[in-house]
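The structure appears below as structure tokens.
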Amino acid sequence: MDKIIDYLKKNFKLIIGIAVLIVVIPLFFMLQYRSASLENADLQKWTESSIERKTATVQLLTDSTQNTELIVGCVDKMSTFNDSGEFAVRDAVKLCNMGIQLRENN
């Protein structure tokens with residue numbers, strides 16, 4: 001028992017250092033991969049974002065600048081619905097874009 005206590009006393013700094021690394025490394029990776037982009041967010045984040053960020057997100061998701069304002073308006077309208085906060089921005093943009101394309105083709 002005394003040998004274990006002596007070992008812990010001698011290597012206290014090493015043990016604390018390893019424990020800190022075990023906690024910090026996963027935390028670092030979780031923060032790195034946590035996305036701040038609007039593309040992967042929900043509609044609650046959409047309502048809090050600026051118009052420039054919304055426009056850039058729509059252009060990124062649709063790969064065009066065509067009908068950007070219309071899609072932004074459509075997703076804005078979708079974000080006002082009840083329980084829309086859980087709906088993904090990516091899905092809402094796709095849905096609005098598909099509806100606009102269907103309307104144009106008919």
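Pairing residues of region 61-87 that are under 17 Å from N40 (Cα atoms) with residues that are in a loop (DSSP other than H, G, I, E, B) and open to solvent by less than 90 Å² (accessible area, probe 1.4 Å), at Cβ distances under 9 Å and at least 6 apart in sequence or on separate chains, gives L61/E39; M78/F87; S79/F87.
If you check E52, E39 for being exposed (fewer than 14 other Cβ atoms within 10 Å of the Cβ) and charged (D, E, K, R), only one passes: E52.
Looking only at residues that are of a type in the set (S, T, N, Q) and out of contact with any Gly (no Cβ under 9 Å at 6 or more places or on another chain) in region 72-102, which one is nearest to Q59 (Cα to Cα)? Among residues in region 72-102 that are of a type in the set (S, T, N, Q) and out of contact with any Gly (no Cβ under 9 Å at 6 or more places or on another chain), the one nearest to Q59 (Cα to Cα) is N97.
For every residue, the table says whether it meets (1) modelled with pLDDT under 85; (2) of a type outside the set (S, T, Y); (3) closer than 26 Å to L102 by Cα.
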{"position": "K9", "(1), (2), (3)": "yes, yes, no"}
{"position": "I15", "(1), (2), (3)": "no, yes, no"}
{"position": "L27", "(1), (2), (3)": "no, yes, no"}
{"position": "M30", "(1), (2), (3)": "yes, yes, no"}
{"position": "L38", "(1), (2), (3)": "yes, yes, yes"}
{"position": "W46", "(1), (2), (3)": "no, yes, yes"}
{"position": "A56", "(1), (2), (3)": "no, yes, yes"}
{"position": "D63", "(1), (2), (3)": "no, yes, yes"}
{"position": "L70", "(1), (2), (3)": "no, yes, yes"}
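The values are calculated or read from the model by the stated rules, or taken from the named source; none is laboratory data. These figures come from a predicted structure and were not determined experimentally. Every residue, glycine as well, gets a Cβ built from its backbone with ideal geometry; the counts of neighbours run over all protein chains shown. Ligands, DNA and RNA are excluded from the accessible area calculation, which covers all protein heavy atoms including side chains. Shrake-Rupley method; radii C 1.70, N 1.55, O 1.52, S 1.80 Å.
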